[in-house]
Structure formats: C-alpha cells, structure tokens
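Computed from the coordinates by the stated procedures, all read-outs in this text should not be read as laboratory data. Worth saying up front: this structure is predicted, and the values here are computed from it rather than measured. A quick note on method: Cβ atoms are made from the backbone with ideal geometry, for glycine too, and the neighbour counts reach across all protein chains shown.
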Amino acid sequence: MLSSRTLRALPAVLVFAALGAVTSACTQSPQRAGEGERAGASPSQEVAGAEVEVEAEAEAEAPARTATIPAQGWNDEIAWRGLDEGLAEAERTGRPVMLVVHTSWCSKCRALKGEFNGNASIEELSREFVMVHADQDEVPEMALYAPDGTYIPRVMFLDAQGKLDRELANPNRITRYRYFYTPQEDLVGTMREALDRHGNKS
C-alpha cells in the first residue's frame, strides 16, 4: 500500500494511476468489488471512490495531537496548549478554543479537575477544540479573559479568531459567575453548543 507521504509527493495523474493498481488488489470483499461493474460505474466514479479511500487513509494515519504544556492535573490525555500557541493554532486550523482559567490553590479548581479526568465526554470532545489552560497567578494575560470577574475556575469558549463568545456560558448562572462550572453542572452541553456554533466546518 502506498503511504500518504508517497501519495502527496506524486503528481495527481500518477496517484490516480497507482490507486487504480492498488485498489484493484483485494481491498474489498468479492461481493462489493463487483457492485460497481453491475451498476455500470464510470471511470470517474471509480476515481472518486479512490479519492475517498486516500482521504480516509490519511485521516487514519494522522497522528493524534499531543499536549505542548503540562496538564497540571487537567487530564494528561488532552492536547493542552499555552495561550499564545493555542490562539495561533485556532486561527490556523479553524478550531474553536476552550479556555480554562484556574489557580493552583483553588479548591473549586481541584474539584473541576476531577471532572476533566473522570468524564470521558470531556476528553472526547476536547479533540475538536484547541484546549488552553492557564493559571491566572502565572499568566497575567488571563485578566483579559474575565468578562464578569476574575473568579476561578472560569471556562470560556472563543471562536477561531480568538474572540470570546459571551453567550457560551453556564446556563445555570444568569447574573453572576457565568463562566464558573462545578462538576455537577453541564460543561459537556456547553462544549457541544460551542462546536455547533464555532466547530471547524472544513
């Protein structure tokens, strides 16, 4: 099988010719292999099918994103970024940002860390975001991300251009501490809403 690196290096004509040779060699069950012939599949349809196969292989071979900063207890399986790096990655990839502001001494932050480590949905959905966490005692820029105060923890969502979406707040907190979540509140629901509003559409 040709690797995705090899396929990218070849001109498009050679790629399609190579795929024709590769895909004709037992890549589908015998029943499925004859379906295109029975239906009278055209060469352009076969090429389109080959393109989809190449895309699926490239996605399967893409390495998982890994953290570039320590998780500091916020789940080692999440690909955490620092603020500047995260904002640049969001702009480059079109992914929204999930920003967690905390401190090392905060008991409510420690409780929320437990939710980040114990809730598989948070970890799974995190793959669709650029995940940023910052200790506001160590990163003074976090004062810029305090739309209704510098309480902690705060969980906010930014679009791919780094603009805070003020509507993506805890629905249980209408007037105060709008970006504060306890482990019992529906952070996963807000993550899903953020993806509906700002998820990468490409």
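List, in order, the whole-Hz ³J(HN,Hα) value for each residue of the range 92-107 obtained from phi through the Karplus relation with A = 6.51, B = -1.76, C = 1.60 and θ = phi - 60°; use x for Gly and Pro.
5, 9, x, 7, x, 9, 10, 10, 10, 10, 8, 9, 6, 9, 7, 5
By the scheme Lys and Arg +1, Asp and Glu -1, what is the net charge of all other residues having a beta-carbon under 12 Å from that of Ala134? Before the final figure, lay out the partial values.
Numbers: positive: Arg81, Arg154; negative: Asp84, Glu85, Asp135, Asp137, Glu138, Glu141.
Around Ala134, the charge tally is -4.
Could you give the length gained by full extension between Ala143 and Glu85, i.e. 0.36 nm per residue of separation minus their alpha carbon distance, to one decimal place? Walk me through the numbers before you get to the answer.
Numbers: separation 58, 0.36 × 58 = 20.88 nm, distance 1.77 nm.
Taking Ala143 through Glu85 to full extension adds about 19.1 nm, to one decimal.
Given the range 80-198, what percent of its DSSP beta bridges are antiparallel, to the nearest 5? Please list the in-between numbers first.
Details: 6 of 15 bridges.
Percentage antiparallel, nearest 5: 40.
Find the eigenvalues of the gyration tensor of the Cα atoms of the range 76-148, then list the square roots of 5 times those eigenvalues as equivalent ellipsoid semi-axes, largest first, in whole angstrom.
Each semi-axis is √(5λ); the values are 19, 18, 9 Å.
Along the Cα-to-Cβ line of Asp186, 7 Å from the Cα, sits a label point; which residues in the range 130-172 have backbone N less than 11 Å from it?
171-172
Per residue of the range 178-192, in order, report the coupling 6.51 cos²θ - 1.76 cosθ + 1.60 (Karplus, θ = phi - 60°) as ³J(HN,Hα) in whole Hz, putting x for Gly and Pro.
Ordered by residue, 3J(HN,Hα) equals 5, 10, 9, 10, 9, x, 7, 8, 8, 5, 4, x, 5, 4, 5 Hz.
Any idea how far apart Ser104 and Ile69 come out in nm if each label point goes 7 Å out from Cα toward Cβ?
Rounded to a tenth, the inter-label distance reads 1.4 nm.
Given the Cα-Cα distance of Tyr151 and Ala120 and 0.36 nm per residue of separation, how much length would full extension add, in nm?
Numbers: separation 31, 0.36 × 31 = 11.16 nm, distance 2.62 nm.
Roughly 8.5 nm would be gained on extension.
Does the range 115-174 come out rounded, prolate or oblate, given a ≥ b ≥ c as the square roots of the eigenvalues of its C-alpha gyration tensor, rounded meaning a/c under 1.5 and, failing that, prolate meaning a/b above b/c? Mind dumping the intermediate values first?
On the way: a/c = 1.41, a/b = 1.33, b/c = 1.06.
The shape class here is rounded.
Can you give the local net charge around Asn172? Use residues other than it whose beta-carbon is closer than 9 angstrom to its beta-carbon, Lys and Arg +1, Asp and Glu -1.
Working: positive: Arg173; negative: Glu185, Asp186.
Charge balance near Asn172 sits at -1.
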